[in-house]
Amino acid sequence: MSIIKLSNQDLIQTKLFINGEWVSGSTNQEFPVLDPSTNQELLKVSIANEDDYNNAIDIAYDTFQSFKKTNPRDRSNMLNKLYHSMINHKEDLAKILCHENGKPYNECIGEITSAASFFQWYAEEAPRMYGDVIQSGISNKKILTLRQPIGVVGILTPWNFPAAMITRKLGAALAAGCTSIIKPASATPLTASAIAYLGHTEAGIPKGVVNVLPTNSSSKIGKLVCEHPKIKKISFTGSTGVGKTLQSHAASTLKKASFELGGNAPFIVFQDADLDKALEGLKICKFRQSGQTCVCANRIFVHESIYDEFLSKALEIVKGFKLGKGYDSDTTHGPLINKAAVQKMDELVKDAVSKGAKIEIGGSPITQGPLSSGNFFQPTILTNLKENMDIWEEEIFGPIAPFIPFSSEEQVINWNNKIDVGLAGYYYTQDINKLFKISEDLEIGMIGINTGALSEAALPFGGVKKSGFGREGSKYGIEDYTVIKSLVLG
Ligand code: NAP
């Protein structure tokens, strides 16, 4: 019996979704899904092993032969229905997300709405797959290009956005006419299954097109998906380390891949910035979801002339946060995903302090009272940072904001570009002349200028350097799920 109470209890599915049916894994074993706010077990979910994956991949491959021929307008209608269905069930979906991920309920509503918008976006993209007619450069021949769906797609996703990380891949795959095998993160499989349930029962997605197989054997299954000859593309969102491993597996079949990996976003406040706007941006992009987003600000660089003022105002903001369980209505900031994440925060702070950093606020795990599950860490601001501290280069992925004063544009750009990842970054200035210069100089895939929030379906989302490659959303997102076929007409 589930402890998550919903209007439609059928949205909680704990089995594997293969070929339009909910089935137990072939070993009949299960793994627990925990509530990060309490570390209590929410319920158990079936484990998919290699046999289950091989079976589902065969089904997705066979289904692709007919699904690729469906009318784009029909696929568009399915996507639109799924968009409306998610919006109609957003409170239930947000409750599931909130329980398995821990983020505050309002942020869960925000994620479900944003996740659904990718289906809406790709419903609009599905009928707009254009080819070209090209005049040969050396004869009177004509060259024509067709865009065709690539085939079965393997979708591998992290726990921090259990809905959106799936929909921004699945929306593009469905629009293009691909079938899919989805491996959700083991910490958050329930949201993925709820979306598959709605796709099947309310949006009319044919059986075998979307298959969701939770598992706790991620490395074995990741290898299988990357090496399987019937899977033609993988789309992975997660850490840079796992991305590298998966790319080496995918090399065996020379699979098309897109990788959305870790970041280390600079948050730069120039001397002419609108400070109130910058503080609002900092609140969102450093502390949203307790710092556990790939586009979260990692290091806060503030021009030395406004540093003291900005720091003292930022401290006031952090003092106003209310740490709590995601589903408690006054919570502004929830737990981290697990104890290992808290331990990482503790180690980063201890390393920095041992090398001279100062804790301005926070700095510790919560060990007493109702939030002593082991998963809570105080929102923290550190100052006196130095380049030999681990926190200078590591992706923090938690609620710690290191504040660093800078004196010149060159210095701050150099500090950013020395880092080997480049996903998101932010800067605040009112000087329009800086816009192209700074944007072009920063080695980053996505830049927020005078805003701390950039993600939406219209944005080409993706990074440079070791933050990966490929773009999700926008008019480019569907391209990764297609191949161009060229015809020469003599
Ligand atoms: P992760 O450990 O790399 O896990 C991501 C996915 O890979 C999960 O499904 C995980 O399964 C699976 N996995 C883990 N180890 C694997 C292995 N050895 N072989 C194959 N699959 C494996 O990342 P995470 O901790 O969940 O997420 C945080 C990271 O994701 C951060 O670095 C963040 O920046 C990045 N991220 C990037 C974006 C982006 O768009 N660029 C968006 C969100 C997050 P299990 O859950 O079963 O371990």
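By what distance, in whole Å, do the Cα atoms of segment 234-349 stretch along each of the three principal axes, largest value first?
Cα extents, longest axis first: 55, 38, 26 Å.
Compare the peptides 251-262, 434-445, 131-142, 393-404 by average per-residue count of other Cβ atoms within 10 angstrom and give them in order, highest first.
393-404, 251-262, 434-445, 131-142
Could you derive backbone 3J(HN,Hα) for segment 296-306 from the dihedral phi with the Karplus parameters 6.51, -1.76 and 1.60 (θ = phi - 60°), listing whole Hz in sequence and x where the residue is Gly or Pro?
Once rounded to whole Hz, the list reads 4, 4, 9, 10, 9, 9, 10, 4, 4, 6, 10.
Taking amide hydrogens as modeled 1.01 Å from N in the peptide plane, which residues meet the under 5 Å criterion relative to E30, leaving out close sequence neighbours?
Under 5 Å from the amide H of E30: I47.
Taking K68 as the anchor, which lysines have their alpha carbon closer than 16 Å to its alpha carbon, excluding any fewer than eight residues away along the same chain?
Straight-distance partners of K68: K207, K230, K232, K233, K485.
Could you sort out which of K286/K344; K95/K319; K169/K475; K244/K283; K283/K313 sit more than 21 Å apart by Cα distance in this structure?
Details: K286/K344 17 Å; K95/K319 27 Å; K169/K475 13 Å; K244/K283 32 Å; K283/K313 11 Å.
Correct reply: K95/K319; K244/K283.
Quick check: residue separation of I87 and E50 times 0.36 nm, minus the Cα distance between them. What number comes out in nm?
Once the chain is fully extended between I87 and E50, it gains 9.9 nm.
Using a/c under 1.5 as the rounded threshold, could you call segment 173-214 rounded, prolate or oblate? The axes a ≥ b ≥ c are square roots of the C-alpha gyration tensor eigenvalues, and prolate needs a/b larger than b/c, oblate otherwise.
Here segment 173-214 falls in the oblate category.
Quote the charge dipole size of the chain about the Cα centre in Debye, to the nearest 20; the model charges only the Cβ of Lys and Arg (+1) and of Asp and Glu (-1).
1500 debye
If you look at just the Cα atoms of segment 307-437, how large are its Rg and its Dmax in Å?
In Å, with Rg to one decimal and Dmax whole: 16.5, 52.
Pop out the ³J(HN,Hα) list for segment 31-41 in order, Karplus 6.51 cos²θ - 1.76 cosθ + 1.60 with θ = phi - 60°, rounded to Hz; leave Gly and Pro as x.
Per residue, the Karplus-derived 3J(HN,Hα) values read 10, x, 9, 9, 8, x, 5, 10, 6, 7, 6 Hz.
Relative contact order of segment 269-324: what whole-number percent is it, with Cα pairs under 8 angstrom and at least 6 residues apart?
40 percent
Give or take rounding to whole Å, what are the principal axis extents of the alpha carbon atoms in segment 205-273, in descending order?
Principal axes ranked by extent give 55, 32, 24 Å for the Cα atoms.
Need the C-alpha centroid separation for segment 198-251 versus segment 447-472, integer Å.
Here the two parts' Cα centres lie 22 Å apart.
Please compute the Kirkwood hydrodynamic radius over segment 86-165, one decimal place, Å, based on all pairs of different Cα atoms.
Values: mean 1/r = 0.0629 Å⁻¹.
Over segment 86-165, the inverse of the mean reciprocal pair distance is 15.9 Å.
Mind checking the dipole of segment 289-382: about its Cα centre, +1 per Lys or Arg Cβ, -1 per Asp or Glu Cβ, Debye to the nearest 20?
For this selection, approximately 260 debye.
Can you check what the Kirkwood hydrodynamic radius comes to for segment 79-231, Cα pairs only, in Å to one decimal?
It is 16.6 Å.
Rank these for me by crowding, E107, E479, going from fewest to most other beta carbons within 10 Å.
Details: E107 21, E479 17.
Least to most surrounded, the residues fall as E479, E107.
Give me the tail of P(r) for segment 381-490 as a percent: Cα-Cα pairs with distance above 26 Å.
Summing the P(r) of segment 381-490 above 26 Å gives 32 percent of all pairs.
Mind pulling up the Rg/Rh value for segment 28-99? Radius of gyration and Kirkwood radius, both on Cα.
Radius of gyration relative to Kirkwood radius: 1.12.
Quick one: grab Rg to one decimal and Dmax as a whole number for segment 378-426, Cα atoms only, in Å.
Gyration radius and largest Cα-Cα distance of segment 378-426: 11.4, 33 Å.
May I ask you to give the average projected area over all directions of the convex hull of the Cα atoms of segment 284-354, in nm² rounded to one decimal?
6.0 nm²
Assuming 0.890 mPa s and 25 °C, estimate D for the chain with Stokes-Einstein, Rh taken as the Kirkwood radius over Cα pairs, in µm²/s. Before the final figure, lay out the partial values.
Values: Rh = 23.4 Å.
For the chosen part, D equals 105 µm²/s.
Using a Förster distance of 35 Å, how high is the FRET efficiency between D274 and S7, based on the Cβ-Cβ distance and rounded to 0.05?
E between D274 and S7, to the nearest 0.05, is 0.25.
Quick one: Karplus J couplings for segment 187-194, per residue in order, coefficients 6.51, -1.76, 1.60, θ = phi - 60°, nearest Hz, x for Gly and Pro?
Computed from phi, the couplings for segment 187-194 are 6, 9, x, 6, 5, 4, 5, 5 Hz.
Need the full-extension length gain, K418 to E347, defined as separation in residues times 0.36 nm minus the C-alpha distance. One decimal, nm.
23.3 nm
Can you give the net charge of the other residues whose Cβ lies under 12 Å from the Cβ of T429, counting K and R as +1 and D and E as -1? Walk me through the numbers before you get to the answer.
Details: positive: K277, K434, K437; negative: D272, D274, E409, D431.
It works out to a net charge of -1.
For segment 1-135, what is the convex hull volume of its Cα atoms per residue in Å³?
It is 160 Å³ per residue.
Given a cut-off of under 8 Å on Cα pairs at least six residues apart, what relative contact order in percent is computed for segment 375-483?
19 percent
Can you give me the Cα centroid spacing of segment 88-145 and segment 314-336 in angstrom?
The distance from the Cα centre of segment 88-145 to that of segment 314-336 comes to 31 Å.
So between K141 and D390, what do we pick up on full extension, going 0.36 nm a residue minus the alpha carbon distance?
Numbers: separation 249, 0.36 × 249 = 89.64 nm, distance 5.99 nm.
Result: 83.7 nm gained on full extension.
Bear in mind that the values in this text are calculations on the coordinates, not laboratory data. Source: prediction; values computed, not measured. All Cβ positions, glycine included, derive from the backbone under ideal geometry; neighbour counts span all protein chains shown.
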